[in-house]
Each structure stands twice: as structure tokens, then as C-alpha cells.
Amino acid sequence: MSILVNKNSRILVQGITGNEGNFHAWQMYQYGNNVVAGVTPGKGGEWVFEGKVPVFDSVKVAKEATGANVSVIFVPAHFAGDAMLEAADAGIELIVCITEGIPVRDMMRVRKYLDQKGSKLIGPNCPGLITPSEAKVGIIPGNITMPGNVGVISRSGTLTYEVLYAMMLLGIGTSTCVGIGGDPISGLSYIDLLEMFELDPLTDQIVLIGEIGGTDEQKAADYISRYMTKPVVAFIAGQSAPSGKRMGHAGAIIESGSGTAEEKIKALQEVGVQIARHPEEIAILLNR
Amino acid sequence: MKLHEYQSKKIFDRFDVPIPKGRVANIASEAKQIAEELGGRVVIKSQVLVGGRGKAGGIKLARDPKQAKEFATEILGMEIKGLPVRKILVDEIVDIDQEIYLGITNDRTCRQPVVIASSSGGIDIEEVAQISPEKIFKLSIDPLLGLQDFQVRDIALGIDLKHEYWKQFIKILRGLYRAYLDMDATLAEINPLVITKDKRLIALDAKMIIDDNALFRHPEMMELRDLDVEAPAEIEAQKYGLSYIKLDGDIGCMVNGAGLAMATMDIISQFGGKPANFLDIGGGAGATKVAAALKIILSDPNVKVILINIFGGITRCDEVAKGLLSALADVKTKVPVVVRLVGTNAEEGRELLANANVQTANTLVEAANISVRLSTGGKL
């Protein structure tokens, strides 16, 4: 078991013929995934990956032909909003948007529409998710993690890899690792995923990787104190960040003194979450 | 991207939000001429992208064109919170009866636009929120439906606006909302929106912040950028798709990924060091980017050591190593470099660096330790 994706997921790649999309779709394909289709408007009828994966003009047609139920999006920011709406309109259950730099205005509309359609969204501006040995949806490298009992939730990309890798070096594996993205408006939140991991029989403990900006980590702390029985270990990046400066991620900004790492760490510590001082320490704090 | 008051007012004007008569000037004699055109009495407002202009003496009322010129000279010679005043806005003076606050911003929690209004305008809205929160009226807008007429009326009612002003107010709020949407603003604010003694509603001040991610839809905005608020190295970094922020420490950092870059700065601080910058080289950074990043870090004379932390995913460690070698050959720096490569093609990367004059580390902890020791003058 795992959450959101497993070996039965039927994966569709929007933007499969673009540079990035093609490279990562190939990595996913080699990982042993069911990459069942690609979509690039105007390139319907072509085949990729040695003629094994068909390309369609629209998500709707691709879904009808292949039974895809998960879509991963690699299209540029200008078109990503439309791609998400298209996937939701076609009835895709889980949409994973890797693209970064999508305008907030677009994301507000997309999120609202997806909620109405009942599609789940991960991202945007995220590395996607991985259930080791079963499904890799996005860009998290496959060789830095292995199957195990730790659920990982993160707002970051490479920082997550750092943690997964440190865990693997100590022989600790992952049930599912989900990168929820660093944008101010995104899909599934810490709370949604904490709930899923709490209910997942193969997840025994959870790693939460946060960063400065917003109050999502504080809300997660509140949720943990009310509903979580499984232990949580956390790391918050940006303790040395100055306020008023956006640190790469659109969401990572300390505004008028709120959203600091200190506040987040305090909120999590108060509800019994162990805090790692640096990313490699997370692996040490987990139960083996 | 923050816009100046005069830039925001120009946009408001396009969306039928009434603004005072006036123009922007960059020399004092122009201020005099504008004052003459406007009938003598004017307000001279410094155009800098910081708050508290009034308190700093950057806003002055002039009774005639001669005084307008004097004040303009004075204000144009000022620096406010470290920023030079290069432009002034010369506006007509209106007689104020009441001041209102009206703003639209993105509500991150509800994931939709929110209109904020208050009958207590003219002062910092965050102050109002603290002192008398009951005076703040908020209303969420469904992003798929847009601003509805009944909502506009609700806001007018929420701030106890007299019926006689509703017609003007509805037009202004509608205009403000269109400006907010069309310009991809994350904030469109009128503070104060004044009711004049002759019963007109006018946006006396204007503030807009544009979503950086949406600038591709507004190429004309690039000309409105105020480069004074951005450090030259930060502007240079943007050209190469790097995200760089200068800090005041002495350990230069080059990392791929924003979260990991912050974590790297944190661990340096924990070990008693001081990061000189935040630098995210982004995903898939090749040799050119790495070379540019190295030069930007070295443009800061405080840098005593450079820590490079790369977790290869999309980014290939051998590419980073190649970029580093060519950059080091090019700039010939004496600043020691500590490199930690993990992930995609890390072995190849490390081999490439074996003969170079760089210090390698296996873990982030080790890399941070070495860097801190080097920055404090310690030997290895």
C-alpha cells in the first residue's frame, strides 16, 4: 500500500514531446511505470519511446483510448493553467503539475475548477511524487530512495532528495514521498496528506519538510495535535533568511514578520513533532 | 514587482478610477510648470518604493508654483530609506471630507481574491486591523464568477457609505477589480480613497504590486522596473536564470533548488558561519550558468570561501563540475572553494574535480563545517 499512486496507476504525460517532458517521461518509463500515453496538441498520432507510447492531441482522447487516471504536466507556465483545466475536464483523478512560474491568477481559477470537478492536484512548482519500486510521477530521482514505512511530505524539491538520500544511506525507506510545491496557491496540502498517511497501513511515521512563508506548517501542527497518532519528524528551511525577500519559491517570503521559520518550528515542537536541525538529521531522528 | 504611485495611478486612470490632476517630473522647474497649470496649490510627492514617505519628509504641500519648485528641489535631493528620489509626482490639492481604504489582494488561505475596505482610510491598513479590526470589511470573490454587483453593494454597506456616493463607488471598485485582474496584480490598493468637500470620490494614493510570474503577459511592464531597488548583482543573476540575493556574511553559496539553498544557509549559520548570499542555480543548470553564478558570488568582496552544494536530479553533477573548472580557469580566484556533489553523475563530477584546486566533501554537514572553518581563518 501507499498513497495516491501505485503500480496500477495509469500515467499520462502532458507535454511529452517537449525537452523536459520527454526527458522525465523517459525516466519514469524506465523506472517501470505504466506511462500509457502522452499529450501534445498538434502531435496526435505520433509515438514516443521506441514506438511504445502513443501521443494524443487532447487529454480526453488519450483517456478514452488508454484509461489513464493520473496526469503529470510538464508544459511551460504560459500553458500550464489550461493543461490542468483540460485534465480535470477529462475526468483525470490525480493531476501532478511540475511546471514552475504559473501566475497566481491562473492558479486561483484552476484550483477552484478542479475542486468542483473532484480532481486532486499536486503542485504546481513541485517535483511530483514517488512510491518507490511502484510508481514515479514527476522528477524525483528513482535511485535515491527505496520502499519503506516513512511517508514524506515536502514543499521543496532538491531538499527532499537530500532527505530521501540520507534516509536511504541509513537503510530507511519510503512508503510514498509527495512534493506539494512551493507556490502560494497549490493543490493538496500538508493536512490532506497527513490524513492520507495516517490512514495508510504501510506508513508508520511521517517526515514533514517545510520552509518560510505562509502558515501551512502551523496549520499542519494544529492538525497533528488533533488527529495524528503516528510520529512526525520535521525540518523547516529558511531560519537564516531575511524578511521581505523572496527566496526562489514564490511562497517563500517572510512578510511583515509572519511566516518565519521560528514560528513554524515552535508550533510543531509544541505538538510533539521532533525538529531536525539540518536535513541530514531527519534520517537520524526517525525510528529504525 | 512593485509599481510607483504615478505608475499605478496611470493604470487606475485607464480603468476609470478617478485620480487627481497631476504629472510626474524629474526636475524642479518642471514641478513649477505643472503647479502653474494646476492653478498654484499642489502636493509634491517623492516616488520611491518604500513606505513612510510622508514621515520622512518626502511629501509636501506647496501654496504656489514658486514654493513648488523649492520643495521639488529639496525632495529630489533626498534619499528615503537608502533610496534616491529620482522622480516626483506633482498633483492638485483636493479638499478632503472623508478618507476610505479600498484594496484588492490575493487571499492565500481562501485561494481567491479578497476585497478589503474600511471607513478608516489614510493610515496603514495593518494598523487599523490591529487597533480597530471591526472597522475592516473583507469580502472574498469567486475567481470563476468574478466580482458581482451585490458584492459591491455589500462592501458599500459594510463601510457605511452614504447612498449618494454609491454610484461613484461602484464604478471605482469595478475599475479597481478590472485593473487588478488585467494587470495580474497581487495587490491593487487605494489608500486613501477620498470623498472631497464637493462630493467627488478620488484615489489620492495608489499602490500596485504585479505578480512576477505573470510578467510574460505584460512585456510593457519591464520598462516600468525601478532598478534602484534591485542590487546590480541580482539583476545580473536574472539574466542567467539564477536567483541571487545578497546577504551580509562571508560564505558564498551556490546550490540547486531554493529549499536546499535555504537549508544550506541555515546549516552554515548553525555552525557559526555567515552566508554571503542566497543563490539557486535552478534545475538543469549547465556549465554556463555555473560559471555565471561563480562570477556573481565573487563580485561580492566580502566572500572568503565558496560552498557549492549540488544534489543532482535534473542537474547533472559532471556538467556543474565542467562549468566550475572553466569558470575557475577564467576568473583565477584565490577564494577557496568547497564542493559537495551528490546524485546524477556525481562520480564523474568528482573525478573531473580531482585535479582542480577545490576541497570536496561528502555530506552537507562536512561541507558546511569546512566552509565555516575556512571563513574564520582556520586551517583544515
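The values are calculated or read from the model by the stated rules, or taken from the named source; none is laboratory data. Note that the coordinates shown come from a computational prediction; the quantities given were computed from them, not determined experimentally. Because the Cβ atoms are built from the backbone with ideal geometry, glycine has one as well, and the counts that use them run over all protein chains shown. When the accessible area is computed, the model is the full protein with side chains, heavy atoms only, and any ligands, DNA or RNA have been set aside. Shrake-Rupley method; radii C 1.70, N 1.55, O 1.52, S 1.80 Å.
With the range A:139-211 as the region, which strands (runs of 3 or more DSSP E) entirely inside it contain at least 2 residues that are facing chain B (nearest Cβ under 9 Å) and buried (at least 22 other Cβ atoms within 10 Å of the Cβ)? Can you show your working first?
Details: elements: A:147-154, A:174-179, A:205-211.
Qualifying strands (runs of 3 or more DSSP E): A:205-211.
Kindly indicate whether any position in the range B:253-268 is farther than 22 Å from residue B:340 by Cβ and open to solvent by 10 Å² or more (accessible area, probe 1.4 Å).
no
What residue, of A:209, A:180, is hydrophobic (A, V, I, L, M, F, W, C), within 17 Å of the chain's Cα centre (by Cα) and within 22 Å of residue B:275 (Cβ to Cβ)? It would help to see each step written out before you state the result.
On the way: A:180 fails: within 22 Å of residue B:275 (Cβ to Cβ).
Only one candidate passes the filter, namely A:209.
Check B:272, B:259, B:241, B:249 and return the single one that is within 10 Å of chain A (Cβ to nearest Cβ), in contact (Cβ under 8 Å) with a residue 24 or more places away in the chain and not hydroxyl-bearing (Ser, Thr, Tyr).
Residue meeting the stated conditions: B:249.
Among the strands (runs of 3 or more DSSP E) lying completely within the range B:185-287, list those that include at least 3 residues that are under 30 Å from residue B:98 (Cα atoms) and of a type outside the set (Asp, Glu).
Values: elements: B:185-196, B:201-203, B:207-210, B:243-246, B:251-255, B:277-280.
Those strands (runs of 3 or more DSSP E) span B:185-196, B:201-203, B:207-210.
Can you find, within the range B:159-217, the residue that is surrounded by the most Cβ atoms within 10 Å (Cβ to Cβ) among those that are of a type in the set (Phe, Trp, Tyr) and away from chain A (no Cβ under 14 Å)?
Residues of the range B:159-217 that are of a type in the set (Phe, Trp, Tyr), as a first pass: B:165-166, B:169, B:177, B:180, B:216.
Next cut, away from chain A (no Cβ under 14 Å) only: B:165-166, B:169.
Numbers: B:165: 17, B:166: 14, B:169: 22.
Residue satisfying both the conditions and the ranking: B:169.
Filter the range A:258-277 for residues that are among the basic types (Lys, Arg) and part of a helix (DSSP H, G or I); which is farthest from the other protein chains (Cβ to nearest Cβ)?
A:266
From the list B:181, B:176, which residue is within 17 Å of residue B:121 (Cα to Cα), under 22 Å from the mean Cα position of the chain (by Cα) and in a helix (DSSP H, G or I)?
On the way: B:181 fails: within 17 Å of residue B:121 (Cα to Cα).
Testing whether each residue is within 17 Å of residue B:121 (Cα to Cα), under 22 Å from the mean Cα position of the chain (by Cα) and in a helix (DSSP H, G or I) leaves just B:176.
If you go through the range A:18-25 one residue at a time, do you hit one that is more than 18 Å from the chain's Cα centre (by Cα) and open to solvent by 60 Å² or more (accessible area, probe 1.4 Å)? Even if it seems obvious, please write down each step before you answer.
Within the range A:18-25, the subset more than 18 Å from the chain's Cα centre (by Cα) is A:18-19, A:22-23.
Now narrow it down to the ones that are open to solvent by 60 Å² or more (accessible area, probe 1.4 Å): A:19, A:23.
Scanning the range A:18-25, I find at least one residue that is more than 18 Å from the chain's Cα centre (by Cα) and open to solvent by 60 Å² or more (accessible area, probe 1.4 Å), so the answer is yes.
Can you go through B:372, B:342, B:358, B:338 and tell me which one is within 14 Å of chain A (Cβ to nearest Cβ), open to solvent by less than 30 Å² (accessible area, probe 1.4 Å) and over 14 Å from residue A:162 (Cα atoms)?
B:372
Hey, does the range A:49-58 have a residue that's out of contact with any helix residue (DSSP H, G or I) (no Cβ under 9 Å at 6 or more places or on another chain) and among the polar types (S, T, N, Q)?
Among the residues of the range A:49-58, not one is out of contact with any helix residue (DSSP H, G or I) (no Cβ under 9 Å at 6 or more places or on another chain) and among the polar types (S, T, N, Q), which makes the answer no.
Search the range A:216-230 for residues being surrounded by fewer than 24 Cβ atoms within 10 Å (Cβ to Cβ) and under 12 Å from residue A:268 (Cβ atoms), and hand back the single one that is farthest from the other protein chains (Cβ to nearest Cβ).
Checked the range A:216-230; the qualifying residue farthest from the other protein chains (Cβ to nearest Cβ) is A:228.
If residue A:10 meets every condition in (1) over 20 Å from residue A:84 (Cβ atoms); (2) charged (D, E, K, R); (3) in contact (Cβ under 8 Å) with a residue 60 or more places away in the chain apart from one, which number is that one?
It fails just one condition, (1).
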